[in-house]
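Working notes for the structure below.
Bear in mind that the values in this text are calculations on the coordinates, not laboratory data. Note that this is a predicted model, so its numbers are computed, not measured. Every residue, glycine among them, receives a Cβ derived from its backbone with ideal geometry; neighbour counts consider all protein chains shown.
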Amino acid sequence: MEQNHLDRALKKIMEFSSFFNQYFQHKEPWKKGPGTATCVFLSVNAACSMAIAIYPFLPESAQKIWNQLGFVGKVNENKWDFISDLLVKPGHLLGEISPLFVKVEEEEIEKYKKQLGPSE
């Protein structure tokens, strides 16, 4: 696949992620108001779709998401067609949840920048 197609694909995936992040923040399901169950249901299914979509870019993170969603097997065994399906059904039990990424502190970033040398 050409680099341009990869760039566009990743941009679309990030737009989808951003949209659902905004949706989740706007609905505020932690306040347990009307529509909470629907918000959580759609958001968890969005995370499921994201796991399938990001696999070519971040395979280990995609698999972690898949496992945290309570699915067994390999995320890459799913077809792209499944991205639009609601694979997480009501009553589905999630797996063990943990952070996907470690926060990198500013000091560490600066240290790595110095090790790499000046950028052109």
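From the list SER84, SER43, which residue is touching a residue at least 12 places away in the same chain (Cβ under 8 Å) and within 14 Å of the chain's Cα centre (by Cα)?
Details: SER84 fails: within 14 Å of the chain's Cα centre (by Cα).
Matching residue, one of SER84, SER43: SER43.
When you look at PHE101, is it assigned to a loop (DSSP other than H, G, I, E, B), surrounded by fewer than 14 Cβ atoms within 10 Å (Cβ to Cβ) and of a type in the set (Phe, Trp, Tyr), yes or no? It is true that PHE101 is assigned to a loop (DSSP other than H, G, I, E, B), surrounded by fewer than 14 Cβ atoms within 10 Å (Cβ to Cβ) and of a type in the set (Phe, Trp, Tyr). Of the listed requirements (1) more than 27 Å from ASP7 (Cα to Cα); (2) surrounded by 10 or more Cβ atoms within 10 Å (Cβ to Cβ); (3) of a type in the set (A, V, I, L, M), LEU86 misses just one: (1). All conditions but one from (1) surrounded by fewer than 13 Cβ atoms within 10 Å (Cβ to Cβ); (2) within 26 Å of HIS5 (Cα to Cα) apply to LEU116; the one that does not is (2). The set of residues in the range 55-72 being among the hydroxyl-bearing types (Ser, Thr, Tyr) and in a helix (DSSP H, G or I) consists of SER61 alone.
Which residues, taken from the range 73-89, are outside any loop (DSSP other than H, G, I, E, B) and of a type in the set (Asp, Glu)?
At the first step, the residues of the range 73-89 found to be outside any loop (DSSP other than H, G, I, E, B) are 75-77, 80-84.
Within the range 73-89, GLU77, ASP81 meet the criteria.
If I ask for residues that are part of a helix (DSSP H, G or I), surrounded by 12 or more Cβ atoms within 10 Å (Cβ to Cβ) and not aliphatic (A, V, I, L, M), which ones from the range 9-38 would you list? Within the range 9-38, PHE16, SER17, PHE20, ASN21, TYR23, PHE24, LYS27, PRO29, THR36 qualify.
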